[in-house]
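Asks: One structure, as structure tokens, below. Some questions next.
The values are calculated or read from the model by the stated rules, or taken from the named source; none is laboratory data. In this text, all values refer to a predicted model and were calculated from it rather than measured experimentally. Glycine also receives a Cβ, built like all others from the backbone with ideal geometry; neighbour counts cover every protein chain displayed. Surface accessibility is based on the protein's heavy atoms, side chains included, excluding ligands, DNA and RNA. Shrake-Rupley method; radii C 1.70, N 1.55, O 1.52, S 1.80 Å.
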4 protein chains.
Amino acid sequence: MAGNSFGQVFRITTFGESHGGAVGVVVDGMTPGIELTTEEVQKQLDRRKPGQSSITTPRKEPDTVNILSGIFEGKTTGTPLLMILYNSDFEPEAYVAIKDMFRPGHADFTYLQKYGVRDWRGSGRASGRETAGRVAGGAVARKLLAGRNITVRAHTAKAAGVTCHSYDPEVIEKNPLRACDAEAAKEMEKRVTALKEQDDSAGGMVECRISGVAPGLGEPVFDKLDAELAHAMLSIGAVKGIEFGAGFRVAEMSGSEHNDQMGENGFLTNNAGGIIGGISNGEEIVFRVAVKPTSSIARLQQTVDMEGKTRTIRTEGRHDACICPRIVPVVEAMACLVLEDHFKRQAAMLAT
Amino acid sequence: MAGNSFGQVFRITTFGESHGGAVGVVVDGMTPGIELTTEEVQKQLDRRKPGQSSITTPRKEPDTVNILSGIFEGKTTGTPLLMILYNSDFEPEAYVAIKDMFRPGHADFTYLQKYGVRDWRGSGRASGRETAGRVAGGAVARKLLAGRNITVRAHTAKAAGVTCHSYDPEVIEKNPLRACDAEAAKEMEKRVTALKEQDDSAGGMVECRISGVAPGLGEPVFDKLDAELAHAMLSIGAVKGIEFGAGFRVAEMSGSEHNDQMGENGFLTNNAGGIIGGISNGEEIVFRVAVKPTSSIARLQQTVDMEGKTRTIRTEGRHDACICPRIVPVVEAMACLVLEDHFKRQAAMLAT
Amino acid sequence: MAGNSFGQVFRITTFGESHGGAVGVVVDGMTPGIELTTEEVQKQLDRRKPGQSSITTPRKEPDTVNILSGIFEGKTTGTPLLMILYNSDFEPEAYVAIKDMFRPGHADFTYLQKYGVRDWRGSGRASGRETAGRVAGGAVARKLLAGRNITVRAHTAKAAGVTCHSYDPEVIEKNPLRACDAEAAKEMEKRVTALKEQDDSAGGMVECRISGVAPGLGEPVFDKLDAELAHAMLSIGAVKGIEFGAGFRVAEMSGSEHNDQMGENGFLTNNAGGIIGGISNGEEIVFRVAVKPTSSIARLQQTVDMEGKTRTIRTEGRHDACICPRIVPVVEAMACLVLEDHFKRQAAMLAT
Amino acid sequence: MAGNSFGQVFRITTFGESHGGAVGVVVDGMTPGIELTTEEVQKQLDRRKPGQSSITTPRKEPDTVNILSGIFEGKTTGTPLLMILYNSDFEPEAYVAIKDMFRPGHADFTYLQKYGVRDWRGSGRASGRETAGRVAGGAVARKLLAGRNITVRAHTAKAAGVTCHSYDPEVIEKNPLRACDAEAAKEMEKRVTALKEQDDSAGGMVECRISGVAPGLGEPVFDKLDAELAHAMLSIGAVKGIEFGAGFRVAEMSGSEHNDQMGENGFLTNNAGGIIGGISNGEEIVFRVAVKPTSSIARLQQTVDMEGKTRTIRTEGRHDACICPRIVPVVEAMACLVLEDHFKRQAAMLAT
């Protein structure tokens, strides 16, 4: 209800602020008897953590996860997993100077309007640091999906106006943008670095591909698989849009072009992006999300303070020049959470 | 859980199949003491019903709503509203010939995979007819929002490749496409009609604009206002994507271009589309959805039958050449449901 | 949230007022492919309907159920079942004379305080007539439980101060009280009739026995099987208490008396009532509920009117002298709903 | 869904096992801007913690709470509160000897049947230690209720067969049983001590009284205030029954005896226990719960081991001879959670 939980059967609840005591997650609805190590979770958190390259923030959070419940003798017990990351690299002083101004692009103004109080240390709960809990929870879902032979993999498809033209999954983890095209990656890095040097930042687009989902997954009407994936993705702070399969190109297409016809070996095309009527059709599930440029830039911008007076602001500090590579594991985590939840819901409905 | 309910406090549950006994909705969480007439609900249903123009299906459902509970002496009592529309223009025979084939673009195949049974009369539960319940529920939410001085208005922004270039709210209900640009509307109609004559159909894009929402609405983290609007919109059968404000253009923008700076009279731009950090910022809320071309076309297409053998199919019957104008009231209804639910959730959190 | 839905996976939403257009239920989360006839549902409704004997209300509702969605060719499709009973024997005039007074024992006063409006026709939504939707939904759950070899059977264990001393399931449906002891039943009937002739009514106690549940059903902590059964039972208007197994006698017992020891053939006793730590232990599940005397009595009582002035009232009309026999099928229905929901939740958790 | 969360708007999720890393709670839906200190929460935890007297377990957990999120500058921010208690006094060795046997009265057998795995350290998640999270969450709800002038107070009304005959709130916290009658308390203590010396334990009954709730609180139909209180109470491990107001005595009462008549100053009696039709009527809310004798006793009992062979067992260790005094703060905490949740739900429904 208050928006800090996600999923219905396989359900996570996250907590924590950027500069409070800790961030983390409770995972409820976990399958018992599953071998789970801290390392498996840490591995995904390491893909999300700051300081991975020159284009991501140098904040130095080790982001070490502690699993304090729900595991016994190396296996899950079916009771809630508490996974917690204590905050260490506090630097709230950096925010003191601007604590009475609203940073453009940030949720400072809207949170104050909603809650009537403002945690000015970093972005408080609105910080991207909150996604650590999602990634930890997603790592657990990913483990369960691996047992179903499902692979969830995202990459940066576009950044700073540069588009990938080929798809090579091998290169994704080998370039700082997590782009799927080694050539484009170099150009992206160049342009993002140039923007950074101009005290600016870059937007982009992340694509996610999910393989191994058999036909029949998803609920009808309101909880369509694509509706819940859209919910999951738009809940990521920087995401401003999502499209499945042919996406917004459908506005130029006719039915005869768009319909995926069928043959004896399945669908002849995949304009639907693997989902029809909200239910998986057995093809690869493909969607793309629009990622806005990092709001924190060192460039002077106009804003107002808490008295409503016009001021200028420069958001100094430690920021990502392009957030796409760090969004990639978050997109994957959220997709994993949606899928595992739907598998469990499907089992519930069919149970006799 | 099984996907037929939407909303948390202001919550609808829809029921009914295209060719079963009835379709409709139960609205729970209704404010008591609100004057509500059948006419107010009927008015929105009339905007959704078939047979409004040459480009929409000639199926003749009067779509007359009956409110059987939750109202006493003209006012809501706070108990559930049951709103029901009995089906009348059955024509299941039209479907007998193709009942063992999967219609391309339709959910025939995926529903069978999910449930193991197939209701071949029309699309059963997957039919667009299901949205009548949403529109009825949305009409009630709209009434409550009117009391908050909020206006929710959608239009076709693009269809059959033709884009609107001006925004005139007065013309929307006066052209068969519900386009916002009278000139473009004519061209759209021409092209949609041409496609129809070729036994084909047209996709498009619908835009929704919401005014009057004060800053501070929306939940943090997972239930961001944009995340729930995305969930709502992607739950509409034909919708394949959504974007807010600058949308997918963010991939080409820099932070200094995208950030909405502030002045003494509010934000200087609205790239965010009225929502920052998942919470309304007081600007107009603007989003666009991608609408796929109607799947039912009279043109021959390749498919397989229930034995997996390749066949050809022609989806005769009564279909919409472009579904955009009938999606418009559904988009509005879903947006109304999301907003009213969030207002009630906000009141709950703040209650002392 | 607003209290008109029950269950998490197998979920019902009821609607309707005593003297409105209809009462009924939407069942969501239904297993597809199950043969289901209107007769199976009607059979349970007939056990609940008024006019079955001299000690129950003579209101003449045929209580004929109509299933308008969710079934195709005699089988469930997995989509929502709408089951509706149109109201016919309206007699709201009976209530006009007392519409500005609060009937003692009824929810007139509390509903007005909550909602600010009052539906004075019968008890509106607070009427026992609302339970028809529960019984219809429960009949569907019962069908699924039968496939799991589970039997849910309730009876009147006490009424008007008379206690059953033997348990013979064969006699339950053969006496107007639905008592489990033929001798006691006669005495109960005598005393209830005597109270009725004095313009009074009788309270009682209903016991429910559930057999066939294997060990392992129920969720830990908050959703213990007994906690959810308690929730279900106390949601029935006339129920004022519940106890499992040894129940309130535990206050006089020591641990060595109360603990159910185990042997090679299972538990040696069943003080726990079949549930330990919120989870079924394989023994018969046994609980009892306290049923208050019918509030509507023709005897003069003191009350106040809507202006707060003291008045006297006589609740004439058509009422049950003892509601126990009609509570029996409602108790069974609610128990069926809880069990089926927990089976589906268990399947979800274990799904891999 | 998996049973580790409670409440709809004001919602807690608890985690942790008896001998794992920590136990605790996430509170979501918190009102922002409320002053909250660790001491306020600690105060309630101290009432629940072990080692308070000779009749409670000597396990030495300091039970120090840490609040790691949701508070800034001494006030709540409206984001989730994480409250955590690290486990310190591990003594799992005590359980090694009996780890392959099922302790009578404990959930060892049922948890193994449900999950297929067994955490044999203490009772794992089924331990009463889990209630620490409830008490911490309840302390926050209690703070909000204090602002509404509501008092929630429970006491031991009966233990080891001894009943309280007077009600003096002043003595409750001054005797080891938390009884409300100083004389009875002495007798209770004597008898419980005698049972303890015989390696046995005592059951009892706890009563809760809630004052200050205005008429109109509670949801109709399924989420009646008494139904949710029953759910809350039966979710406490040792509770086997609940009754409101006249409770099970209704089985001997007639309608004219039971109905609470009204006068100009309110109800003349309170047989209803403050709730009619599931909604508060403005009178004191009164209910009693049956508390089973502690299952862990040092006396020899018969059981089976994991191979199903008959064995004898003696549950040595550190146990409560009567759990009633430690259940008292848990009953209060759960009642506070239910009430605050309903206040917030009521505000949501009425919001315009």
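Asks: Considering the stretch A:270-307 alone, what residues qualify as being β-branched (V, I, T) and under 28 Å from A:E340 (Cβ atoms)?
Replies: A:I275, A:I276, A:I279, A:I285, A:V286, A:V289, A:V291
Asks: A further question on this structure: Starting from the stretch D:286-303, keep only residues that are at the interface with chain C (Cβ under 7 Å from one of its Cβ atoms), then list their pairs with residues that are surrounded by 20 or more Cβ atoms within 10 Å (Cβ to Cβ) and of a type in the set (S, T, Y) whose Cβ atoms are within a distance under 8 Å, requiring at least 6 positions of separation or different chains.
Replies: So the pair list comes out as D:P293/C:S254; D:P293/D:S201; D:T294/D:S201; D:S295/D:S201; D:S295/D:T315; D:I297/D:S201; D:I297/D:T315; D:Q301/D:T315.
Asks: Look at C:G7 and say whether it is out of contact with any Pro (no Cβ under 6 Å at 6 or more places or on another chain), open to solvent by 10 Å² or more (accessible area, probe 1.4 Å) and either within 14 Å of chain D (Cβ to nearest Cβ) or at pLDDT below 95 (or both).
Replies: So C:G7 passes the test.
Asks: Let me ask you something else. What are the pairs, 6+ residues apart or on separate chains, where a residue within the stretch C:79-107 that is at pLDDT below 95 has its Cβ under 7 Å from a residue that is assigned to a loop (DSSP other than H, G, I, E, B) and aromatic (F, W, Y)?
Replies: From the stretch C:79-107, the pairs are C:Y95/C:W120; C:K99/C:W120.
Asks: Then there's this: Tell me, yes or no, whether the stretch A:133-141 has at least one residue that is within 10 Å of another protein chain (Cβ to nearest Cβ) and in contact (Cβ under 8 Å) with a residue 12 or more places away in the chain.
Replies: yes
Asks: Is one or more of the residues making up the stretch A:289-296 within 15 Å of A:G247 (Cα to Cα) and not acidic (D, E)?
Replies: Yes, that holds for at least one residue.
Asks: Moving on. Considering only the stretch C:309-326, state which residues are open to solvent by 10 Å² or more (accessible area, probe 1.4 Å) and part of a helix (DSSP H, G or I).
Replies: C:R326
Results for (1) modelled with pLDDT of 95 or more; (2) at negative phi; (3) away from chain A (no Cβ under 14 Å), shown as yes or no for each residue.
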| position | (1), (2), (3) |
| --- | --- |
| D:H19 | no, yes, no |
| D:T31 | yes, yes, no |
| D:E40 | yes, yes, yes |
| D:K43 | yes, yes, yes |
| D:G51 | no, no, yes |
| D:D63 | no, no, yes |
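Asks: Also, I was wondering about something else. Hey, B:S69 hits all of (1) under 22 Å from C:Y86 (Cβ atoms); (2) at pLDDT below 95 but one; which does it fall short on?
Replies: Of (1) under 22 Å from C:Y86 (Cβ atoms); (2) at pLDDT below 95, only one is false for B:S69: (2).
Asks: Which condition from (1) within 11 Å of another protein chain (Cβ to nearest Cβ); (2) buried (at least 21 other Cβ atoms within 10 Å of the Cβ); (3) over 30 Å from C:E17 (Cβ atoms) is the one that C:A159 breaks?
Replies: Only one criterion in (1) within 11 Å of another protein chain (Cβ to nearest Cβ); (2) buried (at least 21 other Cβ atoms within 10 Å of the Cβ); (3) over 30 Å from C:E17 (Cβ atoms) is unmet by C:A159, namely (3).
Asks: Go through (1) crowded, with 22+ Cβ neighbours inside 10 Å; (2) without any contact (Cβ under 8 Å) to a residue 12 or more places away in the chain; (3) under 15 Å from D:R311 (Cβ atoms) one by one and return the number of the condition D:T110 breaks.
Replies: (3)
Asks: So, one more: Among the listed residues C:R191, C:R121, C:R125, C:R129, which satisfies the condition of being open to solvent by less than 40 Å² (accessible area, probe 1.4 Å) and over 22 Å from the mean Cα position of the chain (by Cα)?
Replies: Result of the check over C:R191, C:R121, C:R125, C:R129: C:R121.
Asks: If we scan the stretch D:179-196, do we find a residue that is over 16 Å from D:R326 (Cβ atoms), at pLDDT 95 or above, touching a Lys or Arg at 6+ places or on another chain (Cβ under 6 Å) and not aromatic (F, W, Y)?
Replies: no
Asks: Could you please give the count of residues in the stretch C:1-20 that are outside any strand (DSSP E or B) and in contact (Cβ under 8 Å) with a residue 12 or more places away in the chain?
Replies: Going through the stretch C:1-20 one residue at a time, the tally reaches 8.
Asks: Name the residue that is farthest from C:K224 (Cα to Cα), counting only residues in the stretch C:312-348 that are charged (D, E, K, R), modelled with pLDDT of 95 or more and under 17 Å from the mean Cα position of the chain (by Cα).
Replies: Top of the filtered list is C:R326.
Asks: Could you list all residues from the stretch A:273-285 that are at the interface with chain B (Cβ under 8 Å from one of its Cβ atoms), at negative phi and part of a loop (DSSP other than H, G, I, E, B)?
Replies: A:N281
Asks: Taking the condition of being in a loop (DSSP other than H, G, I, E, B), open to solvent by 10 Å² or more (accessible area, probe 1.4 Å) and of a type in the set (V, I, T), how many residues in the stretch A:21-55 meet it?
Replies: Of the residues in the stretch A:21-55, 2 are in a loop (DSSP other than H, G, I, E, B), open to solvent by 10 Å² or more (accessible area, probe 1.4 Å) and of a type in the set (V, I, T).
Asks: Here's something else I'd like to know. Just name the residue that is farthest from the other protein chains (Cβ to nearest Cβ) out of those in the stretch C:77-121 that are closer than 19 Å to C:S235 by Cα and in a loop (DSSP other than H, G, I, E, B).
Replies: C:H106
Asks: Sticking with this one: When you look at C:S235, is it in contact with a strand residue (DSSP E or B) (Cβ under 9 Å, 6 or more places away or on another chain), of a type in the set (S, T, N, Q) and either closer than 30 Å to D:T131 by Cα or facing chain D (nearest Cβ under 7 Å) (or both), yes or no?
Replies: yes
Asks: Scanning for something open to solvent by 30 Å² or more (accessible area, probe 1.4 Å) and either out of contact with any Asp or Glu (no Cβ under 9 Å at 6 or more places or on another chain) or within 14 Å of another protein chain (Cβ to nearest Cβ) (or both), does the stretch B:218-226 turn up at least one residue?
Replies: no
Asks: Could you pull out the residue among D:G74, D:G116 that is within 24 Å of D:V140 (Cα to Cα) and open to solvent by 30 Å² or more (accessible area, probe 1.4 Å)? Even if it seems obvious, please write down each step before you answer.
Replies: Working: D:G116 fails: within 24 Å of D:V140 (Cα to Cα).
Among D:G74, D:G116, only D:G74 is within 24 Å of D:V140 (Cα to Cα) and open to solvent by 30 Å² or more (accessible area, probe 1.4 Å).
Asks: Looking at (1) in contact (Cβ under 8 Å) with a residue 40 or more places away in the chain; (2) within 7 Å of chain D (Cβ to nearest Cβ); (3) open to solvent by less than 10 Å² (accessible area, probe 1.4 Å), find the lone condition where C:V213 falls short.
Replies: If we test C:V213 against (1) in contact (Cβ under 8 Å) with a residue 40 or more places away in the chain; (2) within 7 Å of chain D (Cβ to nearest Cβ); (3) open to solvent by less than 10 Å² (accessible area, probe 1.4 Å), just (2) comes out false.
Asks: I've got another one for you. May I ask you to say which residue of D:A298, D:A321 is among the aliphatic types (A, V, I, L, M) and within 25 Å of D:R47 (Cβ to Cβ)?
Replies: D:A321
Asks: Quick one: count up the residues across the stretch A:257-270 that are open to solvent by 30 Å² or more (accessible area, probe 1.4 Å), facing chain B (nearest Cβ under 8 Å) and at pLDDT 95 or above.
Replies: The qualifying residues number 3.
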